[in-house]
Amino acid sequence: MFVLAHPVGHVRASAVMNAHFESIGKNVAVSPLHVAPEDLGAVLGAIRKMRNVIGFGVTIPHKIEVIKHLDEVTATARDVGAANFVRREESGRLVGDNIDGAGFVAGLARNGVSPAGKSILQIGAGGAGRAVAFALAAAGARELHIANRDSAKAQALAEAVSKAHPGCTTVSGPFDVRRLDIIVNTTSVGMKETDPLPVEIDGIGPDTVVADVIMTPPVTPLIARAAAMGCKSIGGKIMLDEQMKLVEKFVLA
Ligand code: ATR
């Protein structure tokens, strides 16, 4: 397998995948590939002809662009508008999926938290935010409030999620942090130690779960604040760990 990225130095997924495949005794090797945006189509054309490639991961900046080069995408990848894993079938057909959101929900489950029936606040409506919002609604969230610096993006995402999952009341706009079951940060605010909190959480109840998709640092200012308040807090690393199991299922299907 490969992980296609540009730049490529920050890519950790290939090492995590190699460790995962080794731990389950599968004879699969994963290598990062530095692919410039203008070469994506040519590289995909070559991968179609590489008969021992079972699939590849796609990361920044290719997740959206890759879709137009694929033969098929799952409903999730279509809804999110981006793919992060592609399976190469024996014939060379390429099938894309987006398991960012499912990985996040699986990470919650590993911590004993289910979105089903819950009132949730999500901060952020970028690439990760789109994936997480659709996955939370698919997992049975009752109410999903989406807030974002660019409020038009939050509104567009809320409308798209409502359409795909009418059972989940999805809105953007004002929210009351005191009546939420789960708060999720999907923005990049918190990657730097000096970052402010992506949302003020004073006044939340001790039963509120606070989660962050940021993997580095493992403890963001938001996670540290929630933990200090006695709330259950879930960092982003578990999301990548859980994605490995989903990748295995998807590419080895
Ligand atoms: P990713 O693929 O990692 O989700 P992205 O699509 O660029 O990256 O999305 C980044 C998210 O972080 C967006 O929700 C972005 O808000 P905007 O849509 O308003 O740009 C949010 N974000 C990034 N920097 C931010 C900041 N300084 N303050 C608030 N939100 C920020």
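All of the numbers you see were taken from the coordinates with simple rules; none came from a lab. Keep in mind that what you see is a predicted model, and the values were worked out from it rather than measured. Quick reminder, even Gly has a Cβ in these numbers, built from the backbone with ideal geometry, and neighbours come from all protein chains shown.
Binning the C-alpha pair distances of the range 148-253 at 5 Å intervals from 0 yields a P(r) profile of 2, 11, 17, 18, 19, 18, 9, 3, 1, 0 %, listed from the shortest bin outward.
Charge tally around Val80: other residues with Cβ under 11 Å, Lys/Arg +1 each, Asp/Glu -1 each, net 0. Across the range 192-251, the mean sequence separation of Cα contacts (distance under 8 Å, 6 or more residues apart), normalised by length, yields a relative contact order of 33 percent.
The mean sequence distance of close C-alpha pairs (under 8 Å, at least 6 residues apart), as a share of the length of the range 89-168, puts its relative contact order at 29 percent. The residues packed around Ala164, meaning those with a beta-carbon under 15 Å from its beta-carbon, carry a net charge of +1 if Lys and Arg are +1 and Asp and Glu are -1.
State which helices in the chain qualify, where a helix is a whole DSSP H run, it must extend 18 Å or more along its own axis by its Cα atoms, and its mean Kyte-Doolittle hydropathy must be at least 1.0.
Helix filter hits for the chain: none.
Count Lys and Arg as plus one, Asp and Glu as minus one, and take only other residues whose Cβ is under 13 Å from that of Ile204; the net charge is then -1.
Along its first, second and third principal axes, ordered by size, the range 10-143 spans 47, 34, 29 Å in Cα coordinates. Near the amide H of Val3, within less than 5 Å, lie the amide hydrogens of Ser31, Leu33, Gly57, all on another chain or at least 5 residues away, with H placed in the peptide plane. Which pairs in the list Lys153/Lys245; Lys63/Lys153; Lys68/Lys237 are over 21 Å apart, alpha-carbon to alpha-carbon? Violating the 21 Å limit, Cα to Cα: Lys153/Lys245; Lys68/Lys237. Sequence-distant contacts, meaning Cα pairs under 8 Å at least 6 residues apart, place the relative contact order of the range 143-253 at 19 percent.
Listed by chain and number, the lysines whose C-alpha is less than 23 Å from the C-alpha of Lys232, apart from same-chain residues fewer than 8 away, are Lys118, Lys192. A simple spin-label model places pseudo-atoms 7 Å from Cα toward Cβ; at Ala36 and Ala253 they are separated by 3.4 nm.
Converting the Cα gyration tensor eigenvalues of the chain into ellipsoid dimensions via √(5λ) gives semi-axes, longest first, of 32, 19, 16 Å.
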